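Participant: Take this structure first; my questions come after.
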Amino acid sequence: MSELILWFSRSPEHIELERTVYVDHYGAETVAIRGKNSGAYKGAGVFQWTPGVRALTVVFVEALVRHLKQISTFLPLLEGEKGSLAFSLHYALAKQPAWLFEMFGSDEDGNANLRKILFRSSLGTNKVAVSLNEEALSASSVKVYIDRTELRSVEALERLLYELLGDEASEAQKDIPRAWVLLRSKHSSSSQKHDSQPAAKSIFEPDNIYLFEQLQYPSSSTADRLRWDQLDDQRPSSIFGRVVQAKHLFEELTYQTCDDQTRSQFEQWLATMQPYPDAEWGIDTEREGRLVPGFISSLKGHNRQFTPNGFHRTFIWRDRLTKELVATLTLGRDDRGVSESNQLDRDGTILGINVRWDLRNRGIGHYLVACINKHIIDFVKRDGKSRLIHTSNYNFGGVPWPMLKKIGYEKIASLGPVQTDFGFIPIWSKTYLA
């Protein structure tokens, strides 16, 4: 029976194929390593980490995932248009570059064995597809290692697959466990000398917020190798991932202008949202014979009243990769009576920032605060009218309120904690000048 072993090596920024061993059905073994010559691996074939080789690993890892999930389908393992990984592999199978022979050897007719192992199809309109010929190589005979550890779980293999697919993962991976952790440089000048990642010079602007996109479950490793520190000294539990500008991870939409599917997903999220674990102000309550709407009800009502380009709006952020909603923020009118009860002259209220609990949300929260701050500044400049904004702890997602201080909000000390239908809450205020 034929067998294939893939060895990957990992750095904090990348994962690449390092070595392969292919055993054909006669027992003949073909070893190949990444590089320009075999060096210490005498007699081994060589390959480069090209899009074609990367596509090859995607096919085999995806085949193993489907086998472990017991998925039987006619759908190809990889498909795409010109410029995609699938197209690169399809082209290589047609032209038979040297690495095909170096990694898999040749048959009696002088063709690369890989041509028998993989099926390929041209679907027209520049689209191609690739599948595994299980009669030539069974998916169960594929083994995958990262460094010296064999990956045997579906979760670990899917995370590897996500990294291998890169930008194309949006078409193939929809439910990879992910987390985003806010990063800042402890010594920006020295960090930039030693790391290729730019340091955030200011947290006032969304463009300057970088997140560590964690792509692996916790391990014993830490983020020390990245030479980055987090706010509040919280460190990611795994170094496996990449540092990315937050704006490249999330799409910013609004409730009034997004598509119907996104709006429906948003409303379903609100309907199932649970209030903060140690408080009940998020749900409707009855007090002295009258119904007091909770935070969730208020959000639903507000969204149907806000105008598309007005000052009061609900913003929706979704993951660019999966299209899943990750957070929302509402800049709404004060319907809580806080302004009226305390004689506060305010033009707007940040009603709430909601971040999904299953995400590591502090990084996202900081990004949202910076985004809404920029939105208010831009609106005030266009409107030509200075505005006084107040906000309070109406939140579900562990919003980093210290960020409010960093962008100029001040707690109204003269009021102390304000009594509302939802308990005592602090009020923060900031004047935005036109």
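The values are calculated or read from the model by the stated rules, or taken from the named source; none is laboratory data. Treat the numbers as computed from the prediction; the structure is a model and nothing was measured. Reconstructed Cβ throughout: ideal geometry from the backbone, glycine too, with neighbour counts over all protein chains shown.
Participant: In the stretch 52-78, what residues are of a type outside the set (A, V, I, L, M, F, W, C) and surrounded by 21 or more Cβ atoms within 10 Å (Cβ to Cβ)?
Facilitator: Matches in the stretch 52-78: 52, 57, 62.
Participant: Any idea which of (1) under 16 Å from residue 161 (Cα atoms); (2) without any contact (Cβ under 8 Å) to a residue 40 or more places away in the chain; (3) part of a loop (DSSP other than H, G, I, E, B) is the one residue 71 doesn't satisfy?
Facilitator: (1)
Participant: Additional query: Considering only residues that are among the hydrophobic types (A, V, I, L, M, F, W, C) and outside any loop (DSSP other than H, G, I, E, B), which ones fall in the stretch 298-319?
Facilitator: 299, 315, 316, 317
Participant: From the set of residues in the stretch 247-269 that are more than 16 Å from residue 355 (Cα to Cα) and of a type in the set (Asp, Glu), which is nearest to the chain's Cα centre (by Cα)?
Facilitator: It comes out as 259.
Participant: Something else: Restricting the stretch 202-216 to residues that are assigned to a loop (DSSP other than H, G, I, E, B) and more than 17 Å from the chain's Cα centre (by Cα), which is modelled with the highest pLDDT?
Facilitator: 205
Participant: Only one of 374, 385 is assigned to a loop (DSSP other than H, G, I, E, B) and modelled with pLDDT of 85 or more. Can you tell me which?
Facilitator: Exactly one residue qualifies, and that residue is 385.
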